[in-house]
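The structure appears below as structure tokens.
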Amino acid sequence: MRWTVLVCDLLVVGVFALSAASKLRGRRAFAGFVRSLEPLVGLRGRSATAIAAVVVLLECAVVPLSLLPGAGRTGPGLAVLLLCGFTAVLASALRRGSTAPCACFGASVSPASGWHIVRNVLLLASSVLAALPSDEPAALWRAPAPALLLCLLTAVVLVVALTRLDDLAELLRPAAATPVPDTVDARPGEPAAHPRSWSRPV
């Protein structure tokens, strides 16, 4: 259980760090996140800017509150609250039939879908596990080096998979069937073959 909690801790830290960084990497990135709030929650202008700033600030706070000694389970607990709010917003937008993209990890052209709800539910479950009190604290500074390395590698794989969910969903989506022509390609310089007629000669 100790190492499971540690992986969940690292997963929450990695996802929220990438989410905050994607919104703070420049003015255009933050402005894109502000604009994405209008179709999702109906906010624009100063209200959207204020809510976006609060969201980014709380996402940034999850990282140190999950890693610093003495913070307890404050970071994962804050992540649970944020993910509950994110999931509720996405579910409401999907019920309204919104096709607006989700800017959780920067600019995106993929519309919000059930895959994003699945991602949030998985992150929510990880945050709940990380927020549970444990008899054997899974703090980074107490973990043996081999176990810490294994937990880090596992968390990195999970972070990449969850943050690139749009790409994975696109790969899993079945490709449209391409119709096969009835005619047979002719050799260069020869006319194309026509389908054989089975009618009797007159």
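The values are calculated or read from the model by the stated rules, or taken from the named source; none is laboratory data. This structure is a prediction, so every number in the text was calculated from the model and none was measured. For neighbour counting, all protein chains shown are included, and Cβ atoms are generated from backbone atoms with ideal geometry for every residue, glycine included.
What the table shows:
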| quantity | calculated |
| --- | --- |
| Test for ARG28: is it in contact with a helix residue (DSSP H, G or I) (Cβ under 9 Å, 6 or more places away or on another chain), among the basic types (Lys, Arg) and either assigned to a helix (DSSP H, G or I) or more than 23 Å from VAL159 (Cα to Cα) (or both) | no |
| Boolean, ALA161 is among the small types (Gly, Ala, Ser), closer than 23 Å to GLY14 by Cα, surrounded by 10 or more Cβ atoms within 10 Å (Cβ to Cβ) and at pLDDT below 55 | no |
| Filter result (surrounded by 13 or more Cβ atoms within 10 Å (Cβ to Cβ) and at pLDDT below 70) within segment 164-185 | ASP166, LEU168, ALA169 |
| Residue match in segment 68-77 (condition: within 17 Å of the chain's Cα centre (by Cα) and either under 22 Å from ALA147 (Cα atoms) or surrounded by 18 or more Cβ atoms within 10 Å (Cβ to Cβ) (or both)) | no |
| Matching residues, segment 30-75, being of a type in the set (Gly, Ala, Ser), under 16 Å from LEU10 (Cβ atoms) and free of Cβ contacts under 8 Å to residues at least 60 places away in the same chain | ALA71 |
| Filter result for the condition that a residue is within 20 Å of the chain's Cα centre (by Cα), in a helix (DSSP H, G or I), crowded, with 21+ Cβ neighbours inside 10 Å and among the β-branched types (Val, Ile, Thr), over VAL55, VAL15 | VAL15 |
